[in-house]
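The values are calculated or read from the model by the stated rules, or taken from the named source; none is laboratory data. Bear in mind that the values here come from a model prediction, so they are computed numbers and not experimental data. Positions of Cβ are backbone-derived with ideal geometry, glycine not excepted, and every protein chain shown enters the neighbour counts.
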Amino acid sequence: MTNTERRAAEDKARRDDEAYDREERKSVQSHWSDKTLGDMNERDWRIFREDFSITTKGGRLPTPMRTWDEATMPEQILRAIQKVGYDKPSPIQMASIPIGLLKRDVIGIAETGSGKTCAFVVPMLAYIMELPKMTDEVAAAGPYALIMAPTRELAQQIEEETVKFAQYLDYRVTSVVGGQSIEDQGFKLRRGCEIVIGTPGRIIDVIERRYTVLQQCNYIVLDEADRMIDMGFEPQVVSVMESMSADNLKPMDEAEKIDGAGLEAGEQGTRYRMTYMFSATMPASVERLARKYLRNPAVVNIGSAGKTSDLIKQVVQWVDRNNKPKQLELVLSQFPDTQAIVFVNTKKAVDHVYNLCHKMGYSVGGIHGGKSQDQREDALKGFKAGEYDILVATDVAGRGIDVKDIDLVMNYEMPFVIENYTHRIGRTGRAGRQGTAVSFLTSDDSDIFYDLRELLTNSNNPIPPELARHEAAKVRHRVGVVKGKLHVRRSVKWFAILQVLLTPPTARALTRGAEFSLGAAVPTSGMWGSGSRCWSLGCKV
């Protein structure tokens, strides 16, 4: 090689290096939102996940979808999504739908109002599209998919959403919940349906009465799984899971290999059962259930478990109990252009606040566990239709009730545990819309002080001075179990909603869902298993 040729080669190599450096700098400087899917590199995906607070674990997983067009899903489902008005996917949808389309088991943990229903319904519909059409002969083996939810209202909300997404697929969706004729529900099941949605107790009822079987049900969703366990439904959930064929479970020792092969191939077929578990929190009891029934699950976490949405402005007001009515009127007057949900703890309080709001000139609806299913449905439908300015409710409406354009949620009475507070205020700040949660706090609410102070701190919301300096807000209560005799005193009522260990005579004396007057009001923070419908006795230790 001559000197001229050598210099020319060196010049070309230098120009190539400079061009490569320019492209590399351009790639680094460009934001992921300016790139096509093919141009995304590992750094871009890391920044994308950080931008949407997405964390995942569970081995090799597909990349999230940034837009609906990037998801490889059937055209009929995409059309339905567009018609429903979902312009862009939420973080939980971005991360979990591509995983679900590969037929992986998924544990999804996301704040309330994040779009979890769409996240498990879309993969479910895509899965059912690969199966034979539901003829009378096929229907004899039961539905293709089952969704379990803790409350009637949530089950019916999921049914409404599922029907919207399946509107171009001609699928039959049946809900089975209490408070309605089981014979009518049984008729629909025997006629055949692709998807069944219901509460654990009623699902067991229709199975025991032989209205349906789960022989070919290979897609199961446990929505608000923590709530189902807290409400004491774990035996029913386990019973339903055991009613399904175990032959379709992935072998425990081969699940990772099977999932890896599915990722390489881009699909996994319909042979194995898929289990979805979605919730806002993931306590140990739910993790135990997941270990038993899920195989090599992908865990998708949006933000922090149990975290409130950043779109919710939380205003906690320290008030005197006697001043609550006046303060309620003041707060409602500050939000004249929106509907509001007002939460209380008891049936009696629902009636009290209902009357207060009615006297203020508002149109009001009320729901609690003591009302019939038809009354509860009428109140919710009226509220959604705009017939009522205010809905007064107990925690029966704290989960899954999705009403658009709710800018105000109020806690006229604070709940007993922080999980219920999280789910109450989650009725606003949904689907990217900002909202406000106003809570009345009194000295009687000391059991929640510590957890509330921690939650307000972590979410960068102001803490009332009275709460900040209160002793109960500085140290989490330690609680022990009282065994033995139940002492009654009329002046103290304690609506405990935690499950604890009691001696057999005491346990038999307690009726689930009843109200008891206990000898002493005791802190419940930190007790075992929040949210149970069993009554508890406890004391400081």
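State which residue is nearest to residue 169 (Cα to Cα) when the search covers only region 36-94 and only residues that are assigned to a helix (DSSP H, G or I) and of a type in the set (S, T, N, Q).
Initially, region 36-94 is screened for residues assigned to a helix (DSSP H, G or I), giving 37-39, 42-51, 68-70, 75-84, 91-94.
Still in the running and of a type in the set (S, T, N, Q): 76, 82, 93.
Numbers: 76: 7, 82: 15, 93: 21 Å.
Across region 36-94, the extreme among qualifying residues is 76.
For a quick check of your reading: which helices (runs of 4 or more DSSP H) sit entirely within region 98-169 and have at least 2 residues that are under 12 Å from the mean Cα position of the chain (by Cα)? Give the steps one after another, and end with the answer.
Numbers: elements: 116-128, 136-139, 152-165.
Answer list for region 98-169: 116-128, 152-165.
Answer with yes or no whether residue 454 is outside any loop (DSSP other than H, G, I, E, B), among the charged types (D, E, K, R) and either in the same structural domain as residue 332 (by TED's automatic domain parsing) or within 25 Å of residue 94 (Cα to Cα) (or both). Write out each step before concluding.
Values: outside any loop (DSSP other than H, G, I, E, B): yes; among the charged types (D, E, K, R): yes; either in the same structural domain as residue 332 (by TED's automatic domain parsing) or within 25 Å of residue 94 (Cα to Cα) (or both): yes.
Yes; evaluated as a whole, the condition is true for this residue.
Out of region 131-154, which residues are closer than 22 Å to residue 108 by Cβ and of a type in the set (Asp, Glu)?
153
Check 186, 179 and return the single one that is in contact with a Lys or Arg (Cβ under 9 Å, 6 or more places away or on another chain), of a type outside the set (S, T, N, Q), outside any helix (DSSP H, G or I) and surrounded by fewer than 23 Cβ atoms within 10 Å (Cβ to Cβ).
Working: 186 fails: outside any helix (DSSP H, G or I).
After ruling out the rest, the residue left standing is 179.
Would you mind finding the one in 296, 248 that is farther than 30 Å from residue 455 by Cβ and under 26 Å from the mean Cα position of the chain (by Cα)? Spell out how you get there, then give the answer.
Numbers: 248 fails: under 26 Å from the mean Cα position of the chain (by Cα).
Only one candidate qualifies: 296.
Any residue at all in region 344-362 that is touching a residue at least 40 places away in the same chain (Cβ under 8 Å), surrounded by 14 or more Cβ atoms within 10 Å (Cβ to Cβ), farther than 16 Å from residue 413 by Cβ and outside the structural domain of residue 179 (by TED's automatic domain parsing)? Reasoning before the result, please.
Applying the first criterion (touching a residue at least 40 places away in the same chain (Cβ under 8 Å)) to region 344-362 yields 344-347, 349-350, 353.
So of that shortlist, the ones also surrounded by 14 or more Cβ atoms within 10 Å (Cβ to Cβ) come out as 344-347, 349-350, 353.
Still in the running and farther than 16 Å from residue 413 by Cβ: none.
There is no residue in region 344-362 that is touching a residue at least 40 places away in the same chain (Cβ under 8 Å), surrounded by 14 or more Cβ atoms within 10 Å (Cβ to Cβ), farther than 16 Å from residue 413 by Cβ and outside the structural domain of residue 179 (by TED's automatic domain parsing).
Considering (1) part of a loop (DSSP other than H, G, I, E, B); (2) more than 21 Å from the chain's Cα centre (by Cα), say which one residue 358 fails and leave the rest.
Of the numbered conditions (1) part of a loop (DSSP other than H, G, I, E, B); (2) more than 21 Å from the chain's Cα centre (by Cα), the odd one out for residue 358 is (1).
Listed residues 205, 226; which is more than 21 Å from residue 131 (Cβ to Cβ), surrounded by 23 or more Cβ atoms within 10 Å (Cβ to Cβ) and in the same structural domain as residue 109 (by TED's automatic domain parsing)?
Numbers: 205 fails: surrounded by 23 or more Cβ atoms within 10 Å (Cβ to Cβ).
From the options 205, 226, the qualifying one is 226.
Residue by residue through region 333-347, note down the ones that are under 28 Å from the mean Cα position of the chain (by Cα) and farther than 21 Å from residue 381 by Cα.
Correct list: 335, 345, 346.
Just need a number here: residues in region 277-298 that are assigned to a helix (DSSP H, G or I) and closer than 16 Å to residue 246 by Cα. Please lay out each step first, then the result.
Restricting attention to region 277-298, the residues satisfying the condition of being assigned to a helix (DSSP H, G or I) are 284-293.
Checking the rest, the ones that are also closer than 16 Å to residue 246 by Cα come to 289-293.
Here the count works out to 5.
Which residue pairs have Cβ atoms closer than 6 Å, lie 6 or more positions apart in sequence or on different chains, and pair a first residue in region 217-231 that is closer than 21 Å to residue 111 by Cα with a second residue that is part of a helix (DSSP H, G or I)?
Every condition considered, the pairs that remain are 221/120; 225/286; 226/286; 228/237; 229/285; 229/286.
Taking region 408-449 as the region of interest, how many residues are over 16 Å from residue 393 (Cβ atoms), in contact with a Pro (Cβ under 7 Å, 6 or more places away or on another chain) and charged (D, E, K, R)?
Residues flagged as over 16 Å from residue 393 (Cβ atoms), in contact with a Pro (Cβ under 7 Å, 6 or more places away or on another chain) and charged (D, E, K, R) within region 408-449 amount to 1.
Could you please let me know if residue 212 is β-branched (Val, Ile, Thr), surrounded by 21 or more Cβ atoms within 10 Å (Cβ to Cβ), modelled with pLDDT of 90 or more and part of a loop (DSSP other than H, G, I, E, B)?
On the way: β-branched (Val, Ile, Thr): yes; surrounded by 21 or more Cβ atoms within 10 Å (Cβ to Cβ): yes; modelled with pLDDT of 90 or more: yes; part of a loop (DSSP other than H, G, I, E, B): yes.
Taking the combined requirement at face value, the residue satisfies it.
Can you name the condition, by its number, that residue 60 falls short on among (1) over 23 Å from residue 192 (Cα atoms); (2) among the basic types (Lys, Arg); (3) buried (at least 18 other Cβ atoms within 10 Å of the Cβ)?
Failed condition: (3).
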